[in-house]
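Here is the structure we will look at, set down as structure tokens.
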Amino acid sequence: QVQLVESGGGLVQAGGSLRLSCAASGTIISIFDMGWYRQAPGKQRELVATITSGMATKYEDSVKGRFTISRDNAKKTVYLQMNSLKPEDTAVYYCNRNPGVLNWGKGTLVTVSS
């Protein structure tokens, strides 16, 4: 059974940093494009960062220059380094394939205070 477990969220002040991790089990991820998604209260889930199997990355405009996605295929883990956090980054963050065809994990909550 495929499982995605996100971790690393928390409460941080604006301008701070967090590093999120997403550990996959029951599947290999090395051949898949992966992504980090987020869902803010009252909003739809959105894709914020992607990384291809070839390590090419792409970011949604609002996080460009502040977030960095990376992956360790041997550890079946995807990371999201988030710097210069803003209150509008507050959301539950999820990882999944791009597109999100795997079962969604529980996500990890990031709260940025002003």
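The values are calculated or read from the model by the stated rules, or taken from the named source; none is laboratory data. Bear in mind that the values here come from a model prediction, so they are computed numbers and not experimental data. A quick note on method: Cβ atoms are made from the backbone with ideal geometry, for glycine too, and the neighbour counts reach across all protein chains shown. Side chains are part of the model used for accessible areas, which takes the heavy atoms of the whole protein and leaves out ligands, DNA and RNA. Shrake-Rupley method; radii C 1.70, N 1.55, O 1.52, S 1.80 Å.
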> Which of the residues belonging to segment 92-113 are surrounded by fewer than 16 Cβ atoms within 10 Å (Cβ to Cβ), over 15 Å from T27 (Cβ atoms) and of a type in the set (A, V, I, L, M)?
Replying inline: L109
> Restricting attention to segment 23-77, which residues are more than 20 Å from G8 (Cβ to Cβ), open to solvent by 50 Å² or more (accessible area, probe 1.4 Å) and in contact (Cβ under 8 Å) with a residue 60 or more places away in the chain?
Replying inline: D33
> Hey, among the residues in segment 62-76 that are in a helix (DSSP H, G or I) and of a type in the set (A, V, I, L, M, F, W, C), which one's modelled with the highest pLDDT?
Replying inline: V63
>> Looking only at segment 77-99, filter to residues that are polar (S, T, N, Q) and at pLDDT 95 or above; which one of those is farthest from A40 (Cα to Cα)?
In response: T77
>> If a residue must be part of a strand (DSSP E or B) and crowded, with 18+ Cβ neighbours inside 10 Å, how many such residues does segment 78-91 contain?
In response: 5
> Out of segment 34-57, which residues are assigned to a loop (DSSP other than H, G, I, E, B), more than 11 Å from G100 (Cβ to Cβ) and not small (G, A, S)?
Replying inline: P41, K43, Q44, T52, M55
